[in-house]
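Each remark here refers to the structure printed beneath this line.
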Amino acid sequence: MTPPTALTIAGSDSGGGAGIQADLRTFFAHGVHGLVALTAVTVQNSLGVQGFTEIPADVVTAQIKAVASDMGVNAAKTGMLATAEIIRAVAKTLDEVEVGPLVVDPVAASMTGHALLREDALEAIRTELFPRATLITPNLDEVGLLTGISVSDPASQRAAAEALLEFGSRWVLVKGGHMTGSTCVDLLTDGREYVSLSGPRFETDNTHGGGDTMASAITSSLAKGASVPDAVAAGKKFIERCVAESYPLGAGVGPVSPFWVLPDRR
Ligand code: PXL
């Protein structure tokens, strides 16, 4: 039986914990066939990002068209997009091919604070990609950059979600993981329905790739035909296990782990 397919339009992490590597292992863990349009090659390890080289925008476009025209895409997500030129090319291409529901994770920087976007490119994600998105999944740093709102409590989280909806996506998920407290509360809304998703906060420093893993888990469920609220609820459960079972690797920040899905892990 041919499994559902999901396309990630994102960058490579040489450390294997974030970017397309996180997406592919998450798709695999969901029984979804992963397709890739590579946007950039980062040079990094657990200590941080040393730099990146972007892929020419026409090559990004060609990758999307190649897989969409032949294999079919049941759902897609964007991660690191590197430049405004790539963002514009991706937006134009997504108008020309069928990719199913689109999750836009507005990746701006690595957790260690290194820029993964050239200047002015976040603005291009907002204007070019958000209106085409089924769901956007900013963390609180990205919410701050996009709206100027500093989220610190449920009221400001809701205000930020409503400000983000104005940019044109169908749904917004404001992830609360970077707030403090013993729980992580994410807010999902389409402006009519408001779903507050609460989960435990795990004590670990090894959270590299967490955002990518959550967005690609949601994309996996969308590829299987789930509704956005169901896909987000399942994605939250999935990332909680991945954070709980994250592991140290290298001297810095280790990756979250989807290995818990495997039947035998000796
Ligand atoms: O986690 C955001 C992210 C996305 N994509 C790539 C990355 C990172 C973080 O380091 O390296 C390629």
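The values are calculated or read from the model by the stated rules, or taken from the named source; none is laboratory data. Predicted model, so just to flag it, every value in this text is computed and none were measured. Using ideal geometry, Cβ is built from the backbone for each residue, glycine included, and neighbour counts are taken over all protein chains shown. Ligands, DNA and RNA are excluded from the accessible area calculation, which covers all protein heavy atoms including side chains. Shrake-Rupley method; radii C 1.70, N 1.55, O 1.52, S 1.80 Å.
Those residues that are within 19 Å of the chain's Cα centre (by Cα) and small (Gly, Ala, Ser), I need them from the stretch 168-189; list them, please.
168, 169, 176, 177
Answer yes or no as to whether residue 93 is open to solvent by less than 70 Å² (accessible area, probe 1.4 Å), over 21 Å from residue 13 (Cα atoms), more than 11 Å from the ligand (Cβ to nearest atom) and polar (S, T, N, Q).
Yes; evaluated as a whole, the condition is true for this residue.
Restricting the search to the stretch 142-189, which residues are open to solvent by less than 30 Å² (accessible area, probe 1.4 Å), free of Cβ contacts under 8 Å to residues at least 60 places away in the same chain, touching a Ser or Thr at 6+ places or on another chain (Cβ under 8 Å) and among the hydroxyl-bearing types (Ser, Thr, Tyr)?
156
Given the conditions (1) open to solvent by 30 Å² or more (accessible area, probe 1.4 Å); (2) away from the ligand (no atom under 16 Å from the Cβ); (3) touching a residue at least 12 places away in the same chain (Cβ under 8 Å); (4) more than 19 Å from the chain's Cα centre (by Cα), and given that residue 192 satisfies all but one, which numbered condition is not satisfied?
Evaluating residue 192 over (1) open to solvent by 30 Å² or more (accessible area, probe 1.4 Å); (2) away from the ligand (no atom under 16 Å from the Cβ); (3) touching a residue at least 12 places away in the same chain (Cβ under 8 Å); (4) more than 19 Å from the chain's Cα centre (by Cα) leaves (3) as the failure.
Name the single residue that is surrounded by the fewest Cβ atoms within 10 Å (Cβ to Cβ) among those in the stretch 115-129 being of a type in the set (A, V, I, L, M, F, W, C) and farther than 23 Å from residue 166 by Cα.
The residue in question is 115.
Is it the case that some residue within the stretch 17-30 is under 19 Å from residue 82 (Cα atoms), polar (S, T, N, Q), within 10 Å of the ligand (Cβ to nearest atom) and touching a strand residue (DSSP E or B) at 6+ places or on another chain (Cβ under 6 Å)?
Yes: one or more hits.
From 11, 34, 51, grab the single residue that is open to solvent by 20 Å² or more (accessible area, probe 1.4 Å) and in contact (Cβ under 8 Å) with a residue 12 or more places away in the chain.
Being open to solvent by 20 Å² or more (accessible area, probe 1.4 Å) and in contact (Cβ under 8 Å) with a residue 12 or more places away in the chain holds for just one of 11, 34, 51, which is 34.
In the stretch 66-86, which residue that is open to solvent by less than 10 Å² (accessible area, probe 1.4 Å) and within 14 Å of the ligand (Cβ to nearest atom) is farthest from residue 54 (Cα to Cα)?
Ranking the candidates gives 77 first.
Helices (runs of 4 or more DSSP H) wholly in the stretch 1-101 with at least 1 residues that are under 22 Å from residue 256 (Cβ atoms) and aliphatic (A, V, I, L, M) - which ones?
19-29
Quick one: how many residues across the stretch 130-141 are of a type in the set (Lys, Arg) and open to solvent by less than 10 Å² (accessible area, probe 1.4 Å)?
Count: 0.
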